[in-house]
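Structure record follows, encoded as structure tokens.
The values are calculated or read from the model by the stated rules, or taken from the named source; none is laboratory data. Source: prediction; values computed, not measured. Ideal geometry is used to build each Cβ from the backbone, glycine not excepted, and the neighbour counts take in all protein chains shown.
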Amino acid sequence: MKVAKFGGTSLASAEQIRKVCSIVTADPERRLIVVSAPGKRFKDDIKVTDMLIKCAKKFLETGCAEEELIEIASRYQDIANDLGVKADMGSIVEADLRKRLSGNIENNDKFMDSMKAAGEDNSAKLVAAYLKEKGYDAGYINPRDAGMILSDEYGNARVLPESYGKLKNLRDRHGIMIFPGFFGYSKSGEVVTFPRGGSDITGSILAAAINADMYENFTDVDSVFAANPNIVDNPAAIPELTYREMRELSYAGFSVLHEETLEPVYRTGIPVCIKNTNNPDSPGTKILTDREAKNGPVVGIASDKGFCSIFISKYMMNREIGFGRKLLHILEDEGVSYEHTPSGIDNISIILRENQLDGPAEKRILNRIKDELDVDDVLIEHNLALIMIVGEGMMRTVGIAARATDALSKASVNIEIINQGASEVSIMFGVNGDDSIKAVKALYGEFFK
Ligand code: ASP
């Protein structure tokens, strides 16, 4: 049995949904199908999830969102009409949205999640109706009945361990099951969503729960590429990756899979295959525990902007027991998460995402570090980009770091930070954000041309 997840662009129109259904019905193993909300039909289109967020915000601000509600219902109605579905999807979606809007709005986040979940929920109902009308044994699965139980962190939920025991019973059901992605229910029965793009996570949890033979993730690209195609022209396709390689690449800007997707399948060793709904015959990219070292020591180059570095120095820091703990305690206390901590004898840098330091937080944290730790110097550097070269074979190959630094130097990119060793599968370079494109191009040229 396979779990197949289809992303937003695969559900965006009748034409796309027909492709989804022919992919699903072409393989009898594809029985547990996870769907996203309808996504963009063309470049400047609006995703249904974004329409739902707009509708919910308008309702919270003004107490009415009639126009937005009708627009969303029509989007589903249009798809259903084009598909020739007899079920009156427009009215079904309209009634569903009215019910959600009439819910409790006291907790805005809770209300928002209930609205956001409508995208996937109605998408699953539409696909199930279409397949059923075509004569297939198919049905919609309600995540509450199936046991998708999540933490009550609205918009940022995590699966609770007891879900797995319940969801595994889906194995015993008959026919094609259409499961809405992106949301589940808290223990107290409230709708809770994963972070944006979280239908990938739903698919991974289900694949682990039913011990699937494979988790197929259908999107709109033929494979994972060795670098961002918006930066490098025609980057090489990656046929196989390990979970660890994919994790590092998706952490640093590869948006093919949601960053949190792999954990459930990684723990159970279920292979993942990323495929294209628009070109299902292309082999795609497989993500496995081990891969054959066919494609060289470096498999991919990722980059992400928006980091900053807090640099702290104190003479004789190395002798001060507890300095690191106290420093990290300040961050914990301020609710700030950090990414890396390269250190020297008398200094340490904390690299973190700079969107956490909005408003007065930056000043407060720097002052606390200065006062509470009695340091000689603390300064912050903004606009940092992290570039990662990733590959399992790298650590056993002599000269990779030398080649990378040489390529960056030839491109006149100043390396501000290097971090190698903590991860066995990546080398990280911190560079000025303005140099990140130049850096990725230089590294791609070195390792892939
Ligand atoms: N529809 C949700 C979003 O746009 C979740 C998903 O597509 O995975 O974020």
remark   = Residue hits (the range 38-63; surrounded by 11 or more Cβ atoms within 10 Å (Cβ to Cβ) and more than 15 Å from ASN108 (Cα to Cα)) are PRO38, GLY39, LYS40, ARG41, ASP45, ILE46, LYS47, VAL48, THR49, ASP50, MET51
note = Only unsatisfied item for PRO38, checking (1) more than 10 Å from the ligand (Cβ to nearest atom); (2) part of a loop (DSSP other than H, G, I, E, B), is (1)
ask   = Is it true that some residue in the range 81-88 is under 27 Å from the mean Cα position of the chain (by Cα) and not in a helix (DSSP H, G or I)?
value = no
key: Single residue of the range 1-34 satisfying the filter (charged (D, E, K, R) and assigned to a helix (DSSP H, G or I)) that is surrounded by the fewest Cβ atoms within 10 Å (Cβ to Cβ)   = GLU15
task = Go through the range 92-135 and count every residue that is assigned to a helix (DSSP H, G or I), without any contact (Cβ under 8 Å) to a residue 40 or more places away in the chain and among the acidic types (Asp, Glu).
result = 2
ask   = What is the number of the single condition among (1) modelled with pLDDT of 95 or more; (2) of a type outside the set (Phe, Trp, Tyr); (3) more than 20 Å from THR277 (Cα to Cα); (4) more than 16 Å from the ligand (Cβ to nearest atom) that ALA157 does not meet?
value = (4)
ask   = For ALA207, which of the numbered conditions (1) within 13 Å of LYS2 (Cα to Cα); (2) surrounded by fewer than 18 Cβ atoms within 10 Å (Cβ to Cβ); (3) within 16 Å of the ligand (Cβ to nearest atom) fails to hold?
value = (2)
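Could you please give the count of residues in the range 396-418 that are under 21 Å from HIS382 (Cα atoms) and surrounded by fewer than 19 Cβ atoms within 10 Å (Cβ to Cβ)? It would help to see each step written out before you state the result.
As a first pass, look at the range 396-418 and keep what is under 21 Å from HIS382 (Cα atoms): 408, 412-418.
Restricting the remaining residues to those that are surrounded by fewer than 19 Cβ atoms within 10 Å (Cβ to Cβ) gives 412, 414-418.
Total meeting the criteria: 6.
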request  = For residues that are part of a loop (DSSP other than H, G, I, E, B) and under 21 Å from PRO235 (Cβ atoms), scanning just the range 398-448, find the one that is farthest from the chain's Cα centre (by Cα).
outcome  = ALA411
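Assess whether GLY197 counts as being more than 16 Å from the ligand (Cβ to nearest atom), buried (at least 16 other Cβ atoms within 10 Å of the Cβ) and on the phi > 0 side of the Ramachandran plot.
Answer is no for this residue.
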inquiry  = Restricting to the range 3-15, count the residues that are closer than 11 Å to VAL34 by Cα and more than 10 Å from the ligand (Cβ to nearest atom).
reply    = 2
query = Taking the range 256-283 as the region of interest, how many residues are farther than 24 Å from LYS449 by Cβ and part of a loop (DSSP other than H, G, I, E, B)?
reply = 13
message = I'd like the full set of residues that are within 16 Å of the ligand (Cβ to nearest atom) and more than 24 Å from the chain's Cα centre (by Cα), limited to the range 56-73.
response = ILE72
task = Can you confirm whether the range 16-26 contains a residue that is in contact (Cβ under 8 Å) with a residue 60 or more places away in the chain, within 16 Å of the ligand (Cβ to nearest atom), under 19 Å from ASP82 (Cα atoms) and polar (S, T, N, Q)?
result = yes
inquiry  = Pull out all pairs, ordered by first then second residue, where Cβ-Cβ is under 6 Å, the residues are six or more apart or on different chains, the first lies in the range 29-45 and is touching a residue at least 12 places away in the same chain (Cβ under 8 Å) and closer than 17 Å to SER123 by Cβ, and the second is basic (Lys, Arg) and within 16 Å of the ligand (Cβ to nearest atom).
reply    = VAL34/LYS5; GLY39/LYS47; LYS40/LYS47
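Picking from LEU170, LEU249, LEU241, which residue would you name as being surrounded by 19 or more Cβ atoms within 10 Å (Cβ to Cβ), in contact (Cβ under 8 Å) with a residue 24 or more places away in the chain, in a strand (DSSP E or B) and away from the ligand (no atom under 16 Å from the Cβ)?
One residue alone meets the criteria, LEU241.
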ask   = Just one of ASN234, ASN228, ASN211 is without any contact (Cβ under 8 Å) to a residue 40 or more places away in the chain and not in a strand (DSSP E or B); which is it?
value = ASN234
query = Which of (1) buried (at least 24 other Cβ atoms within 10 Å of the Cβ); (2) away from the ligand (no atom under 16 Å from the Cβ); (3) closer than 16 Å to LYS275 by Cα does MET214 not meet, given it meets every other one?
reply = (1)
remark   = All-but-one check, VAL85 against (1) under 20 Å from LYS57 (Cβ atoms); (2) away from the ligand (no atom under 16 Å from the Cβ); (3) of a type outside the set (D, E, K, R), failing number (1)
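Taking the range 173-188, which residues are farther than 26 Å from GLY135 by Cα, in a strand (DSSP E or B) and away from the ligand (no atom under 16 Å from the Cβ)?
Step one: filter the range 173-188 for residues farther than 26 Å from GLY135 by Cα, giving 182-188.
When the remaining residues are screened for being in a strand (DSSP E or B), the result is 183-185.
Listed by number, the list holds a single entry, TYR185.
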ask   = How do the strands (runs of 3 or more DSSP E) wholly within the range 296-375 filter down when requiring 3 or more residues that are of a type outside the set (Phe, Trp, Tyr): which remain?
value = 300-313, 347-353
inquiry  = Looking only at the range 288-338, count every residue that is closer than 30 Å to ARG368 by Cα, surrounded by 17 or more Cβ atoms within 10 Å (Cβ to Cβ) and among the small types (Gly, Ala, Ser) and tell me the total.
reply    = 1
remark   = Per the filter on the range 118-135, residues touching a strand residue (DSSP E or B) at 6+ places or on another chain (Cβ under 6 Å) and more than 16 Å from the ligand (Cβ to nearest atom) are ALA128, LEU131, LYS132
message = at pLDDT 95 or above, under 26 Å from ALA12 (Cβ atoms) and crowded, with 21+ Cβ neighbours inside 10 Å: is that true of LYS132 in this structure?
response = no
